[in-house]
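Once you've had a glance at the structure underneath, I'll fire off some questions.
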Amino acid sequence: MKLLVVEDDDKIASFVAKGLAQAGFVVDRARGGDEGLEMALGGAYAAAVVDVMLPGLDGLALIGALRRRGVRLPVLILSARRSVDERVRGLQAGGDDYLSKPFSFSELLARVQALLRRSDGGADPTRLEAGPLTLNLLTREVRGGGAGIPLQAREFALLECLMRRAGEPVSKAMILESVWGYDFDPGSNVVDVLVHRLRAKLDRACGRETIKTLRGVGYVLAGD
């Protein structure tokens, strides 16, 4: 699951991005409002963390621009301003939640998770299902064949990528961008190694083949 962090302070941005990555998210960072708007419009993000005071377009103007374009991306606003009026301004601009600086990472993570839970009024956006597999994005629990399947962080991210496209081919480039956050290196076999490791765990738990290799195309997770 990809998140966007729009923050010009390198120390804060690093703190937030590192924590979110350790929590299993793929994180992109923008250093200014104009860059953040461009990335938010062009990227498939689940949510964004946006600072108010930014070079160029400020955070509230960025959010307003998104809302005018009909973009419903959930946004958590960060600000050093603590007054009630400032919080109201942020929410009226289209923000979904407001967190004052300084903050603890545990609170930021909890607020991001809450945004993700309520971002979809239909199916639970934090739970994925494909065949015998279920994946909970918040608790990080994976189950298959009636039992829990312990996965490492990148194995979990790979499974999420495949489950979101269950029954459809997923290329190595798509996997690398989703799991590692960078473009595919044709000379690298990290995807093959990770798929092999995940497949062994899933097949053992489910008692059947779960991930098929499509030569020259990529991989596909059985959807039924």
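At q = 0.21, 0.30 Å⁻¹, work out log10 I(q)/I(0) for the range 19-66 with the Debye formula, treating every Cα as an identical point scatterer and leaving solvent out; two decimals please.
Each listed q corresponds, in turn, to -0.70, -1.16.
If you rank CYS161, CYS206 by how much accessible surface each has, with a 1.4 Å probe, what is the order from largest down?
Per-residue accessible area, sorted high to low, gives CYS206, CYS161.
Cα to Cα, under 20 Å, and not fewer than 8 places away if on the same chain: which lysines meet these conditions relative to LYS212?
LYS172, LYS201
So, with a 1.4 angstrom probe, what is the percent of accessible area on the chain that is carbon and sulfur?
Carbon and sulfur atoms account for 49 percent of the accessible area of the chain.
Taking the solvent-accessible surface of protein heavy atoms with a 1.4 Å probe, what is the per residue accessible area of the chain in Å²? Display every interim value, and only then the final one.
Working: 11140 Å² over 224 residues.
Solvent-accessible surface per residue comes out at 50 Å².
Between ARG208, ARG87, ARG127, find the one with the highest GNM mean-square fluctuation for the chain; connect C-alpha pairs within less than 10 Å.
Highest fluctuation among the options: ARG208.
Still on this model: Using a cut-off of 22 Å between alpha-carbon atoms, which lysines can reach LYS101, once sequence neighbours fewer than 8 places away in the same chain are excluded?
Within the straight-line limit of under 22 Å, LYS101 reaches these lysines: LYS11, LYS18.
In the full protein assembly as shown, how much of ARG140 is accessible to a 1.4 Å probe, in Å² to the nearest 10?
80 Å²
Compute the Rg/Rh shape ratio of the range 1-106: radius of gyration over Kirkwood radius, all on alpha-carbon atoms.
Over the Cα atoms of the range 1-106, Rg/Rh equals 0.93.
What whole-number value in cubic angstrom gives the convex hull volume per residue for the C-alpha atoms of the chain?
That works out to 131 Å³ per residue.
What is the projected area of the convex hull of the Cα atoms of the range 57-175, averaged over all directions, in nm²?
That works out to 10.0 nm², a quarter of the Cα hull's surface.
Under the Karplus relation 6.51 cos²θ - 1.76 cosθ + 1.60, θ = phi - 60°, what is the ordered set of whole-Hz ³J(HN,Hα) values for the range 203-219, x standing for Gly and Pro?
Working through the residues one at a time gives 4, 5, 6, 8, x, 6, 6, 10, 10, 9, 8, 10, 4, x, 10, x, 9 Hz.
Top to bottom by accessible area (1.4 Å), largest first, where do GLU168, GLU35 land?
GLU168, GLU35
While we're here: Would you please give the FRET efficiency between GLU129 and VAL217, computed as 1/(1 + (r/R0)^6) with r the Cβ-Cβ distance and R0 = 30 Å, to the nearest 0.05?
After rounding to 0.05, the efficiency reads 0.80.
Under a point spin-label approximation (7 Å from Cα along Cα-to-Cβ), what is the ARG140-ARG72 distance to one decimal in nm?
Placing both labels 7 Å along Cα→Cβ, they lie 3.0 nm apart.
The values are calculated or read from the model by the stated rules, or taken from the named source; none is laboratory data. For clarity, every value in this text was computed on a predicted model and none was experimentally measured. Ideal geometry is used to build each Cβ from the backbone, glycine not excepted, and the neighbour counts take in all protein chains shown. Areas reflect the complete protein model, heavy atoms only, side chains present, ligands, DNA and RNA absent. Shrake-Rupley method; radii C 1.70, N 1.55, O 1.52, S 1.80 Å.
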